[in-house]
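Single-structure report; data block below.
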Amino acid sequence: FSAGLDIGTTGCKIAVYDENANLCQTYYEEYDVVRSGGQHEIDFAVVKSGVMRLLARATSEYHIDALGVTSFGETFALLDENDNILCRSMLYTDPRGEDERLSLCEVIGEEKLTKLTGVKPHSMYSIYKIMWLARHNDNFKKAKRILLGEDFIVYTLTGVAQIDYSLAARTGAFDVVKKTWIDEVFDKAEIDMAMMSKPVLAGTIAGDITDSVMTELNIDYKFAVVNGCHDQVAGMIGSGVFDCGSAMDGTGTVECIPVVMDNLPTDVQFYDCGYSVVPYLDGKFACYALSYTGGATLKWFRDNFFESESEKALREGKNAYALLDSSVKTEPSEILVLPHFAGACTPYMDMESKAAFVGITLETTKFDIYKALMEGTSYEMRLNFELLEKASGKIHEIRATGGGATSDVWLQIKADVSGISLTALGCKEIGAAGTVALAGCAIGIYDNLESTVGKMANVRKVYEPNADRHEIYNKLYKSYCGLYDAVKGLR
């Protein structure tokens, strides 16, 4: 059996697959984020305990041959010479590190840093928070290792400190073309680069678990531990998004829209839009676009305008979103919604932006507004795709995952608005599937990534654009493109 471990901000999950790429079981452990005094932190000792409990449960039921490890980005653990964790770890949302960003940009240059790292310098990235700790936390003097989530667990299990390229890129101190740590960044930041893990390609075997881990898990065999990748890259692999022209639409609470690129964009203005680029498979790159309001937009509507119906649906064992979908008209609503309920991410990067509704009349029903919300998020997706296509080339297929990929109505709207075919995937554990495929292929359980994830992802349905509705949406989209500036002018 091959397993994939996904380390998240609020919990960790293991999915176990058999040799035929069938999902056997998933296990989940939740943990808390510490938010106080404006600081946002996580305790990697708690994460480690959660992972070990998961592994104990999984290995008590299955003979695991390989474990792939994937994690969220930016956040790192600080270890001393005895591998003790020295302090809690800052999350990417923690505000600390801004002064350090300014100082590093001053001595190296923001444009140079952007072109080297594939990200516009921002305090969310690890290097600036590492600098903050070096300046403000006495424990940093005892530090011997700096490990992000993936390499922290890989090191914990094997004693080998190595990190895959895509996660290393989330530090803001990694050359995404040369795939090495940047000497100048660490030199100017006054941080010992030797504390960082060795960068490797996703799917590289770190080694077998140590004797002490085997004893702790109470098993009589060892299994291989394999470096996975940044969680968004794992989702792309699990979705079967491998080539330029392919994109993933991962719609959960937020909507992440990564695409594949053959070359690293060199126009600094591209990164000003908030896009970030990490190394991908076969020398390619993955570029992330993001909307803060994907599924969160529809949840807001359900909780505020469909509350009594939702409660009734819950009592009757029905899905409130399915009820809403069944009441939506087929034709476009002609209501424009700027879906910035939590600010705007790419391409605006404007946390002060607010949502707006245009085109409501006395004849407008709540179901019209519900559909307009789905259309607004689809316009936002199209806007990002059109900007990304300037760097990636024409996008011809979108593979949809997440909770949003279960709505036939929403997916058809996305196809009609974008004019691009949408493939909905039936796999609920898409990131775990990508991680498992990397691990299984690394030790020879599976032949290759493409055929393996093809079995795991299982296409649920393909949505082709309707030509008549696409023509109407094209006209509405032109108006949508001017909506952000119009609303911004009213602030």
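The values are calculated or read from the model by the stated rules, or taken from the named source; none is laboratory data. None of the values given here were measured: they were computed from a predicted structure. Virtual Cβ from ideal backbone geometry, glycine too; neighbours counted across all protein chains shown. With ligands, DNA and RNA removed, areas are computed over all heavy atoms of the protein, side chains included. Shrake-Rupley method; radii C 1.70, N 1.55, O 1.52, S 1.80 Å.
Here are the numbers for this structure:
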| quantity | calculated |
| --- | --- |
| Sulfur and carbon atoms: percent of accessible area, the stretch 35-114 [1.4 Å] | 44 percent |
| Residue (of Gly454, Phe367, Gly402) at the positive-pole extreme of the chain, dipole from beta-carbon charges | Phe367 |
| In order through the stretch 242-249: 3J(HN,Hα) via Karplus (6.51 cos²θ - 1.76 cosθ + 1.60), integer Hz, x for Gly, Pro | 10, 10, 4, x, 10, 9, 10, 10 |
| Percent of beta bridges antiparallel (DSSP, the chain, rounded to nearest 5) | 65 percent |
| Between helix 366-392 and the chain: long-axis angle, C-alpha atoms, 0 to 90°, nearest 10 | 60 degrees |
| Straight-distance crosslink candidates among aspartates and glutamates, where the alpha carbon sits under 17 Å from Lys312 and sequence neighbours closer than 8 are dropped | Asp303, Asp325 |
| Å² per residue, accessible surface of the chain at 1.4 Å | 41 Å² |
| Mean Cβ neighbour count within 10 Å, used as a protection proxy, ranking 27-36, 247-256 highest first | 247-256, 27-36 |
| Inter-part distance where the stretch 43-84 and the stretch 331-364 are each reduced to a Cα centre, Å | 41 Å |
| Straight-distance crosslink candidates among aspartates and glutamates, where the alpha carbon sits under 19 Å from Lys141 and sequence neighbours closer than 8 are dropped | Asp80, Glu81, Asp83, Glu100, Asp187, Glu190, Asp192 |
| Under 25 Å from the Cα of Lys390 - lysines, other chains or at least 8 residues apart | Lys112, Lys115, Lys120, Lys178, Lys179, Lys284, Lys414, Lys475, Lys478 |
| Test item: Cα-centred dipole of the chain, Lys/Arg +1 and Asp/Glu -1 on Cβ, debye | 520 debye |
| Amide proton proximity set for Gly11, modelled H, under 5 Å, gap of 5+ | Tyr31 |
| Whole-Hz couplings from phi, Karplus 6.51/-1.76/1.60, listed for the stretch 475-486; x for Gly and Pro | 5, 5, 5, 4, 5, 4, 4, x, 5, 4, 5, 5 |
| 3J(HN,Hα) from dihedral phi, the stretch 418-425, Karplus parametrisation 6.51/-1.76/1.60, rounded to Hz, x for glycine, proline | 7, x, 10, 5, 10, 10, 8, 9 |
| Cα centroid separation, the stretch 473-491 to the stretch 371-401 (Å) | 16 Å |
| Distance between the stretch 96-165 and the stretch 199-234 - C-alpha centres, whole angstrom | 23 Å |
| Inverse mean reciprocal Cα-Cα distance (Kirkwood Rh) of the chain, Å | 23.4 Å |
| Positive-end residue of Ala467, Leu425, Gly440, charge dipole of the stretch 382-478 with Cβ unit charges | Ala467 |
| Theoretical FRET efficiency, 1/(1+(r/R0)^6), r = Cβ-Cβ of Asp99 and Val254, R0 25 Å, to 0.05 | 0.35 |
| Cross-link pairs beyond the 24 Å C-alpha cut-off, checked among Lys299/Lys354; Lys142/Lys222; Lys329/Lys488 | Lys142/Lys222; Lys329/Lys488 |
| Fully extended contour minus Cα-Cα distance, from Ser49 to Thr180, at 0.36 nm per residue | 44.1 nm |
